[in-house]
Structures are given as C-alpha cells and as structure tokens.
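Step one of this worksheet: look at the structure below.
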Amino acid sequence: MQGSEEAGIHRMQTTSSGMKPAAEEPLPRRPPSTLPHSVDILVVEDSPLEVELTLRPLHELESEGEIAVARDGEEALDFLFGRGGYRSRSGAPPPRLILLTLKLPKLDGLEVLRAIRTNSRTSTAPVVVLTSAGDPRELAQCYQLGANSCVQKPVHFEDLRSVLQTIARYWLGLNQSPPGPALPLV
C-alpha cells in the first residue's frame with residue numbers, strides 16, 4: 001500500500017466471504033494494462049458511521065473489487081491525482097465510481113467535484129453525490145459542476161442498502177466507461 005495507510009486511505013477488498021483489508025489478501029488479477037493501484041470505488045466521507053453504513057452494502061455484492069475511503073476532500077484529491085502520500089498512485093487509472101459526500105472537512109464536496117471535472121485524467125470518472133437533504137440549490141450546483149447523479153441517502157438502512165447496491169451494480173456492471181482519459185473537444 002506504500003504509504004496509503006499513513007495518509008488515511010483505507011483500502012478494502014470485497015469478496016464473496018465478506019470484507020477483508022486489502023493487505024491480508026492478494027488483489028485479484030487485473031489485465032496488464034491496468035496499474036496495480038487501481039480502485040473500483042472511492043468513497044469520500046468523513047463520518048466513520050456513514051463510512052461503515054456505506055461499505056457494508058457494497059461488500060455484500062457478489063463481486064471482487066477494491067474500495068478506498070478518503071476521509072476529507074483534500075485526501076480524496078491527493079488520492080485521485082497521485083499527490084502527497086499517494087505519489088505511488090501517479091498515473092493510476094481513476095476509480096470506476098466515486099461516491100462523494102458534499103459536507104467534508106478541508107475541501108467540501110463541490111470543490112472536489114470541480115477539481116475532478118477540470119482534470120483531464122479524471123474528468124469522465126463517474127461521480128455520484130450522496131446527500132442527506134434534497135436542497136434544490138445544492139442539487140443544481142452538483143449537476144452544473146458535472147455530477148453524474150445525485151442521490152438522497154435514505155434514512156432506513158434497508159433502503160440505503162438497496163440504493164447503494166443499485167448504484168454500484170449500474171456504474172460497475174451496466175455502464176460502459178470511456179476507455180481512458182477524456183480527449184479534448186475539437
């Protein structure tokens with residue numbers, strides 16, 4: 001993990017037998033074109049309880065995939081752009097899905113979203129904003145900055161489980177991602 005634990009990203013591997021720290025179990029084999037530091041889902045959330053409530057349904061899915069958690073906006077951008085403690089990720093592909101909370105320490109979710117969309121390497125990465133309230137002004141800002149989807153988190157865990165699993169199944173299973181970094185518009 002080369003410094004990721006010290007910097008705060010927690011990498012977990014999802015297996016059919018449950019959640020295991022990535023260091024305890026080897027990563028599944030990936031195509032040679034994919035760098036070893038690839039991540040399927042990046043969860044950007046500062047609340048430990050919300051992180052647990054988000055990870056549990058994702059780990060229940062019948063797929064092997066790696067999930068990383070960033071605890072604040074600055075850490076998320078360092079992880080995505082291979083900066084600071086994540087220099088070893090420089091050049092790594094962006095996650096296949098970013099689950100982003102708006103209310104974050106250091107940099108808020110809107111600033112994170114703006115940075116993701118203005119970087120050519122991450123500009124097409126799917127970003128789903130998870131909100132606790134359906135504030136119309138906030139939703140408009142998210143879509144104006146390029147969010148792929150905004151979802152209000154249900155209050156009841158069973159509903160939350162269903163929503164998160166549906167999001168993951170769509171973005172990781174049905175959606176066809178672009179082959180690489182966005183090409184400049186002509």
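Is there any pair with a first residue in the stretch 103-121 that is touching a residue at least 12 places away in the same chain (Cβ under 8 Å) and closer than 15 Å to PHE79 by Cα and a second that is of a type in the set (Ser, Thr, Tyr) and not in a loop (DSSP other than H, G, I, E, B) whose Cβ atoms are under 7 Å apart and which are 6 or more apart or on different chains, and what are they?
Correct list of pairs: GLY109/THR101.
Confirm whether ALA115 is part of a helix (DSSP H, G or I) and surrounded by 19 or more Cβ atoms within 10 Å (Cβ to Cβ).
So ALA115 fails the test.
Taking the criterion of being surrounded by fewer than 22 Cβ atoms within 10 Å (Cβ to Cβ), acidic (Asp, Glu) and closer than 20 Å to THR54 by Cα, would at least one residue in the stretch 159-168 satisfy it?
Within the stretch 159-168, one or more residues are surrounded by fewer than 22 Cβ atoms within 10 Å (Cβ to Cβ), acidic (Asp, Glu) and closer than 20 Å to THR54 by Cα.
All but one of (1) loosely packed, with under 15 Cβ neighbours inside 10 Å; (2) within 20 Å of VAL51 (Cβ to Cβ) hold for VAL128, so report the exception by its number.
Tallying (1) loosely packed, with under 15 Cβ neighbours inside 10 Å; (2) within 20 Å of VAL51 (Cβ to Cβ), VAL128 fails exactly one: (1).
Checking PRO178 against (1) under 22 Å from ARG89 (Cβ atoms); (2) buried (at least 16 other Cβ atoms within 10 Å of the Cβ); (3) out of contact with any strand residue (DSSP E or B) (no Cβ under 8 Å at 6 or more places or on another chain), only one condition comes out false. Which one?
(2)
Residues in the stretch 145-158 that are surrounded by 12 or more Cβ atoms within 10 Å (Cβ to Cβ) and either over 23 Å from ARG117 (Cβ atoms) or not charged (D, E, K, R) (or both): how many?
As a first pass, look at the stretch 145-158 and keep what is surrounded by 12 or more Cβ atoms within 10 Å (Cβ to Cβ): 145-154.
The next check asks that each one be either over 23 Å from ARG117 (Cβ atoms) or not charged (D, E, K, R) (or both); those that pass are 145-152, 154.
Total satisfying the criteria: 9.
Can you find a residue in the stretch 11-33 that is modelled with pLDDT of 90 or more and within 12 Å of the chain's Cα centre (by Cα)?
Taking every residue of the stretch 11-33 in turn, none turns out to be modelled with pLDDT of 90 or more and within 12 Å of the chain's Cα centre (by Cα).
Which ones in the stretch 88-102 are of a type in the set (A, V, I, L, M) and without any contact (Cβ under 8 Å) to a residue 60 or more places away in the chain?
If the condition is that a residue be of a type in the set (A, V, I, L, M) and without any contact (Cβ under 8 Å) to a residue 60 or more places away in the chain, then ALA92, ILE98, LEU100, LEU102 are the ones that fit.
What are the pairs, 6+ residues apart or on separate chains, where a residue within the stretch 137-166 that is on the phi > 0 side of the Ramachandran plot has its Cβ under 9 Å from a residue that is aliphatic (A, V, I, L, M) and surrounded by 12 or more Cβ atoms within 10 Å (Cβ to Cβ)?
From residues that are on the phi > 0 side of the Ramachandran plot, the pairs are GLY146/LEU113; GLY146/ILE116; GLY146/VAL127.
Could you pull out the residue among LEU110, LEU49, LEU99 that is modelled with pLDDT of 90 or more and either crowded, with 21+ Cβ neighbours inside 10 Å or acidic (Asp, Glu) (or both)?
Selected residue: LEU99, the only one of LEU110, LEU49, LEU99 that is modelled with pLDDT of 90 or more and either crowded, with 21+ Cβ neighbours inside 10 Å or acidic (Asp, Glu) (or both).
The values are calculated or read from the model by the stated rules, or taken from the named source; none is laboratory data. All of these numbers come straight from a predicted model, not from anything done at the bench. Ideal geometry is used to build each Cβ from the backbone, glycine not excepted, and the neighbour counts take in all protein chains shown.
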